[in-house]
Structures are given as structure tokens and as C-alpha cells.
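Please treat every number below as a calculation from the coordinates, not as lab data. Quantities reported herein were computed from a predicted structural model and do not represent experimental measurements. Positions of Cβ are generated from backbone atoms using ideal geometry, with glycine treated the same way; all protein chains shown enter the neighbour counts.
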Amino acid sequence: CSETFWTTTGMFPQEFIIGFPKCVKISKVAIQSYLVRTLRIERSVSEDPVGFEECIEKDLEHTEGQLQKEEFPLPEFQATYLRFIIKSAFDHFVSVHRVMAEGA
């Protein structure tokens, strides 16, 4: 379990944004979380974190007592910003422990 994590404040939806120094090509995003029920990933190719478009939305499995490990393959995908929206959860508080983006 990672030592640092981001936790929600108890109401949904919750969101966080990850920005890259420039527009990058991403082939896959992996996320480790706890108690997330529905997750949506959106992207922006703007210089500022605006104009997001939905890329993928997924219902995650409830993994009692351990981290959820999900991978999202994203073919031919470019982004300057990724917005992660936790739409619902299995509890009042959820946590995100790691987000990894692979690509060029």
C-alpha cells in the first residue's frame, strides 16, 4: 500500500486533475484506488484545464480490504490534462493511491 494517497471528503462526485507539461500521447492509464464504484476519465488537449471530453467510464469491482487495480487502455489518445471523476463509491470516503499514465 502506498504511503501517500488522495482521499475524498464524503460527497460525490469528487474529481481531481492531472496535468502534463505539454500534450502527450497516452496508451494506457492505470489507477489504484479503494472503495471507488464508478470512475470516469476525461481529457483536455487545451493549454489550460478546460474543454474536457469524456473518454471512458467504468464500474469498478468492490475489493474488500484491498486496493482496486484498474487499467484503462486508450488507443491513439492525446491529452494535456486528465480529469478523474469519482461518480459514486461503496462508502462515504474513498481513496486514490496511485495513477500511472503510459505512452510517449
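Numbers at a glance
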| read-out | value |
| --- | --- |
| Interchain or long-range residues, amide H under 5 Å from Leu35's placed H | Thr63, Gln68 |
| Where Cα atoms sit under 17 Å apart: lysine pairs in the range 13-103 separated by 8 or more or lying on different chains | 4 |
| Burial order of peptide ranges 36-49, 58-71 (average beta-carbon count within 10 Å, highest first) | 36-49, 58-71 |
| Cα-based radius of gyration of the chain once divided by 2.2 N^0.38 Å, which approximates compact folds | 1.04 |
| DSSP-assigned coil residues among chymotrypsin sites (Phe, Trp or Tyr not before Pro) in the range 1-58, each with at most 16 further Cβ atoms within 10 Å | Phe5 |
| Dipole of the chain [Lys/Arg +1, Asp/Glu -1 at C-beta], most positive-end residue of Ala30, Ala104, Thr9 | Ala104 |
| Mean separation of Cα contacts under 8 Å, 6 or more apart, over the residue count of the chain: relative contact order % | 48 |
| Karplus-derived 3J(HN,Hα), 6.51/-1.76/1.60, for each residue of the range 11-22, Hz, glycine and proline x | 10, 10, x, 10, 8, 9, 10, 10, x, 10, x, 8 |
| Net lengthening on full extension, Glu15/Arg98 (0.36 nm per residue, minus Cα-Cα) | 28.4 nm |
| Derived scalar couplings ³J(HN,Hα) [the range 55-69; Karplus, 6.51 cos²θ - 1.76 cosθ + 1.60; whole Hz; x for Gly, Pro] | 10, 7, 9, 8, 8, 8, 7, 6, 10, 4, x, 9, 5, 7, 10 |
| Within the range 62-104, chymotrypsin sites (Phe, Trp or Tyr not before Pro) in DSSP loop having at most 15 other beta-carbon neighbours inside 10 Å | Phe90, Phe93 |
